[in-house]
Amino acid sequence: MKELAFFLLSGAALGGLYGLLALGFVVIYKATHVLNFAHGSFVLLGAYVVARFSSWSFWGALAIGVLVTVVLALLAERLLIRTMAGRAVLSVTIMTVGLDIVLLTAARTEINTQLLPTRDPWGDKQVVLLGLVMPQARLVALLVSIVVAVSFFIWLRYSRWGLAFRAATEKREAAALMGIGLGTLSALAWAIAGALATVSGVLLATYPYPGVNLDLGTIALAALPAAVIGGLESAPGAIIGGLIVGIGQILVQGYQEYLTWLGAGFHEVFTFGLMLLVLLVRPQGLFGQKEIVRA
Amino acid sequence: MSTPDLAVADLTVRFGGVTALDHVSFDVMPGRIHAVIGPNGAGKSTVFNTISNLVPLDEGSVHLAGVRIDGRSAHESAAAGVGRTFQNLGLFSDMTVEENLLLGTYLRGRAGWLACALRLPSATREARRMRAEVSDVAATVGISDLLKQTQTSLSYGDRKRVELARALCMRPTVLLLDEPVAGMNPLESATMTGTIRSINEALGLTTLLVEHDMNMVMSLADTVTVLNFGRMIADGPPDVVRKDPAVVEAYLGAPSDTDSSTKEHA
Amino acid sequence: MRDQLRLSSSTVVPAAVVLILVLLPFVLDDGWLTVSTLALVLGIAAIGLSLLYSTGQLSLGHAFFMAIGGYSYGFLAAPSGEDVLGLGLPAPVALVIAVATAGFCGLLFSPIGSRLGGLPLAVATLGLVFLGHHIALNAGPVTGGARGRLLEPIGLGGLVLDDSRSLWWLVAAVTAVVALLAHRLMSGRVGLSLRALHGGELFAGTMGIDVRRRKAGAFVVSSMYAGLSGALFSVVSGAVVPETFDLTLSLNILIMIVLGGTGLVVVGSLVGAVLITVLPELLREYAGLFPFIAPDALSEGISPSSAAQFVYGVAVIAILIAEPGGLAVLAQRAGRSVRRRLRGDEHDTVVPIADHPLERNHT
């Protein structure tokens, strides 16, 4: 029983991280219908910048990291995405694949096989919660994910920009009428995704990864199933999808002795397997909407 | 008493809280031109979309030459004999005009994966036949010199004619024209109207059209249905309908509108 | 009156191509010949992906279907060994069944695939690659697990093809055939319906195209191409290992069709395949010219494959922004203007409709 509780808590922590990563994809997808495959390299970049400056001050480094990724995201949006305005979203998405390759290749030459610590304040400490001994990092991951997610939803629901964001993603013409340009919305979405990337990256570099290394660049892809399961256009869906996938993955890993028929290491591909199952039954995802035909 | 080529009965469509169509019924007899008119948002395009099976019916039925076709998929509507144009143009932008027209002949071809890949004689013969037909239709509509161009280089009026030609290539039982002269200047509009009329006379092609342009409708249609807020408010020959007080009221003014080319679409 | 023999591109080009394919082994050394062979093998996969992409479906799972082809061939063609099973079938039979298996897997996926829009499909197919990798590692008796399986050199009709020349001719012949098939598909009724799907499934439906079935059909055919490519890959490399069929492979095939040009399914794919396969080798060979490239693992600098990857990324971005038709279209344009300048105003070459550059909308 204690074991199950441990798994659930760890799973929630991992799920929260997946949720944040998924949110990064969903925010841009909602605003532009483009899937930003470069998100993973933003995650890596943000975490790397924080690691580099962390010997000075962790929180200062974090601020710089967020700044760097937000600026980079805005640059990408302005220079690359904007020039492809009006083009098929599939083409723009492929372009983000190109961007991802460029950034990851640059990262590979810089980081190579290094493992960089982020010198976060919660380190390797363990904490006791409800009778469970748990690395502090996991708890922080869970808490921060919750805080970030809740803040995002509050912003979405109550702020003027948030309202515009929601409106624009429902009906583009209405947003334009509200005096908010679609270009600005696209930039906003990318900026938010950029910020989320660094936060996700730093958290990931403490749990489940021991630091910043190249793997961080590709971890974001593992969160895509979470976004799809939730429904690519649903922000709550991203978080819930992340939780489902995170908890599921930890449970599968934890109880793998009972699941040997699925093959060793199944927990690593569990997210994708679950996604395919969900898509078979509900192609639009749990919170997605079926497309309405308007001729 | 012959069977109508197109019989719609009690068409009812609800989108969430809005009733887009409320028990709309009319018949179109073979070889006739029937128009559906009404103010913006009256539900005219929705009628088309139900016939093409792009929008499901909540109530009612659609019969094509006596055969029920609603409740199926779009391609089954087309296969049953529905050929349509789109208000905002449904041309394929990556293709030439000729390729667009060839797509109109798709249903009448048979060459599948194997026949095409192996270039079987049957496929080649079929392709030649279709190309010849496309040529003929293009000549009828007057776009023969545009065949090799892509649609992005065409004027709006030309694009509408390509759209019409493509629907004709389907050799449909019923031709659905969604605002065929919308956005055209008076000259283009008159030409298009003339083309539609001559096609109807030459081929006896049953035609259903949705339009804003009153002059066009009055001169072309044999019968007219008037919709307002999804409901039928009048149905009959054009002269009768235009004088119907309910119709006049719905339009808030003279039914004859020469300035329709500047009107916005629904 | 015929004064002179008028050579149109539809006779000169294929003849030239056949000539090149036959004579290449006498021009290149073994190493480069193998590289070229690999380029064609991947080109087959690229043709399949490009065919699928012409319907507006983006699949990142091509590596999965290549794996199906590769492993199926390995299982079917090799005899049973120490800890692996095998059927020891004759090579041509094994090839055909491997291709069919890949197609069948494509069919199994289509209930999911044909109901998904472009981007959810991309993510779903991404999942296939990771799942396939997992299966490859765990289905030991069939796949050989993490070690993979070794294959005997392929034997056809008594001849054993174990040198680079005969492998080249085999692959070149197969490529030529499937390229021709693809070209004919795309220029016929089926190809038109596939392109219509890209233009708008709604409108395609009203033309009478059964959208779901066409999309599924495209997926199956594209999977068969991938399967053939995977099987040939195993033949050429003499082994099939899990590392080959990873996400990078899927992405590389995608890069091939984007750089080559997605509008020209056959030519674009092959141009892209040659480019992507040859570039790292070129960089490795001429690393001396580029001080920042390390010719081997011990030298300073970035590896040739990393450098190549970087170039691909930049090229993809540049091509998509500037000339979405890809390099094939650029080359075609250049060729036309050169021809026009040389011949004055004469007959421009007869180009079938399907070869017209399908440039994406610039609006």
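Within segment A:102-122, being under 28 Å from C:V314 (Cβ atoms), more than 10 Å from every other protein chain (Cβ to nearest Cβ) and open to solvent by less than 30 Å² (accessible area, probe 1.4 Å) holds for A:A107, A:I111, A:L116. Looking only at residues of segment A:74-93 that are facing chain C (nearest Cβ under 9 Å) and free of Cβ contacts under 8 Å to residues at least 40 places away in the same chain, we find that the one that is surrounded by the most Cβ atoms within 10 Å (Cβ to Cβ) is A:L90. Farther than 23 Å from B:E76 by Cβ, open to solvent by 10 Å² or more (accessible area, probe 1.4 Å) and touching a strand residue (DSSP E or B) at 6+ places or on another chain (Cβ under 8 Å) - does that describe any residue in segment B:178-187? Checked against the condition, which is being farther than 23 Å from B:E76 by Cβ, open to solvent by 10 Å² or more (accessible area, probe 1.4 Å) and touching a strand residue (DSSP E or B) at 6+ places or on another chain (Cβ under 8 Å), segment B:178-187 yields no hits at all.
Take the conditions more than 14 Å from every other protein chain (Cβ to nearest Cβ), in contact (Cβ under 8 Å) with a residue 60 or more places away in the chain, over 30 Å from C:G326 (Cα atoms) and of a type in the set (A, V, I, L, M, F, W, C) and apply them to A:L139. Does it pass? The answer is yes for A:L139.
Only a single item in (1) open to solvent by 60 Å² or more (accessible area, probe 1.4 Å); (2) outside any strand (DSSP E or B); (3) not small (G, A, S) is not met by C:L167, and it is number (1).
Quick one: is B:G66 at pLDDT below 90, more than 17 Å from the chain's Cα centre (by Cα) and more than 11 Å from chain C (Cβ to nearest Cβ)? So B:G66 fits the description; yes. Selection of segment C:225-241 for residues being part of a helix (DSSP H, G or I) and surrounded by 24 or more Cβ atoms within 10 Å (Cβ to Cβ) yields C:Y225, C:A226, C:G227, C:L228, C:S229, C:G230, C:A231, C:L232, C:F233, C:S234, C:V235.
Residues are listed down the side, and each one gets a yes or a no for (1) open to solvent by 20 Å² or more (accessible area, probe 1.4 Å); (2) touching a Phe, Trp or Tyr at 6+ places or on another chain (Cβ under 6 Å):
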| site | (1), (2) |
| --- | --- |
| B:D94 | yes, no |
| B:N100 | no, yes |
| B:G104 | no, no |
| B:L107 | yes, no |
| B:L114 | yes, no |
| B:R129 | yes, no |
| B:D136 | yes, no |
| B:I143 | no, no |
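Counting only helices (runs of 4 or more DSSP H) wholly contained in segment A:183-295, the ones carrying 2 or more residues that are surrounded by fewer than 18 Cβ atoms within 10 Å (Cβ to Cβ) and within 12 Å of chain C (Cβ to nearest Cβ) occupy A:270-281. There is at least one residue in segment C:62-71 that is open to solvent by 20 Å² or more (accessible area, probe 1.4 Å) and either among the polar types (S, T, N, Q) or closer than 23 Å to A:G98 by Cα (or both).
Which members of segment B:1-14 meet the condition of being at pLDDT 85 or above and hydrophobic (A, V, I, L, M, F, W, C)? Selection gives B:L6, B:A7, B:V8, B:A9, B:L11, B:V13.
Scanning segment B:38-53 for residues that are among the aliphatic types (A, V, I, L, M) and modelled with pLDDT of 90 or more gives B:V47, B:I51. Close Cβ contacts (under 7 Å, 6 or more residues apart or on different chains) running from residues in segment C:170-198 that are part of a helix (DSSP H, G or I) to residues that are among the acidic types (D, E) comprise C:L192/B:E99; C:R195/B:D94; C:H198/B:D94. Taking the numbered list (1) in contact (Cβ under 8 Å) with a residue 24 or more places away in the chain; (2) surrounded by 21 or more Cβ atoms within 10 Å (Cβ to Cβ) in turn, B:G157 passes all entries but (2). Within segment B:133-143, the set of residues being in a helix (DSSP H, G or I) and either aliphatic (A, V, I, L, M) or at pLDDT 90 or above (or both) comprises B:E133, B:V134, B:S135, B:D136, B:V137, B:A138, B:A139, B:V141. Scoring C:L128 on the criteria (1) closer than 30 Å to A:H33 by Cα; (2) open to solvent by 20 Å² or more (accessible area, probe 1.4 Å) leaves a single failure, condition (2). Of all residues in segment A:21-38, those satisfying the criterion of being under 21 Å from A:G162 (Cβ atoms) and over 8 Å from the mean Cα position of the chain (by Cα) are A:V26, A:V27, A:I28, A:Y29, A:K30, A:A31, A:T32, A:H33, A:V34, A:N36. Can you find a residue in segment C:272-285 that is more than 29 Å from C:V17 (Cα to Cα) and surrounded by fewer than 21 Cβ atoms within 10 Å (Cβ to Cβ)? No, segment C:272-285 contains no residue that is more than 29 Å from C:V17 (Cα to Cα) and surrounded by fewer than 21 Cβ atoms within 10 Å (Cβ to Cβ). Screening C:G69 on (1) over 20 Å from the mean Cα position of the chain (by Cα); (2) within 19 Å of C:G127 (Cα to Cα) shows it passes everything except condition (1). Of all the criteria given as (1) open to solvent by less than 50 Å² (accessible area, probe 1.4 Å); (2) in a helix (DSSP H, G or I), the one not satisfied by C:G56 is (2). Among the residues of segment C:310-325, none qualifies, meaning not one is surrounded by 14 or more Cβ atoms within 10 Å (Cβ to Cβ), modelled with pLDDT under 85 and touching a strand residue (DSSP E or B) at 6+ places or on another chain (Cβ under 8 Å). Considering segment C:72-109, and only residues there that are open to solvent by 50 Å² or more (accessible area, probe 1.4 Å) and outside any helix (DSSP H, G or I), the residue that is farthest from C:L121 (Cα to Cα) turns out to be C:E82. Every condition in (1) more than 19 Å from the chain's Cα centre (by Cα); (2) under 30 Å from A:E3 (Cβ atoms) holds for A:L142 except the one numbered (1). No other residue among B:L103, B:L114, B:L107, B:L154 is facing another protein chain (nearest Cβ under 10 Å) and over 17 Å from C:M207 (Cβ atoms) apart from B:L114. Can you pull out every residue in segment C:202-215 that is surrounded by fewer than 20 Cβ atoms within 10 Å (Cβ to Cβ) and more than 8 Å from chain B (Cβ to nearest Cβ)? Selection gives C:R212, C:R213.
Inspection of segment A:16-26 finds no residue satisfying the criterion of being within 14 Å of chain C (Cβ to nearest Cβ), surrounded by fewer than 20 Cβ atoms within 10 Å (Cβ to Cβ) and of a type in the set (A, V, I, L, M).
The values are calculated or read from the model by the stated rules, or taken from the named source; none is laboratory data. Computed from a predicted model, the values in this text were never measured in an experiment. Using ideal geometry, Cβ is built from the backbone for each residue, glycine included, and neighbour counts are taken over all protein chains shown. Ligands, DNA and RNA are stripped out before the accessible areas are found, and what is left, the full protein with its side chains, is counted by its heavy atoms. Shrake-Rupley method; radii C 1.70, N 1.55, O 1.52, S 1.80 Å.
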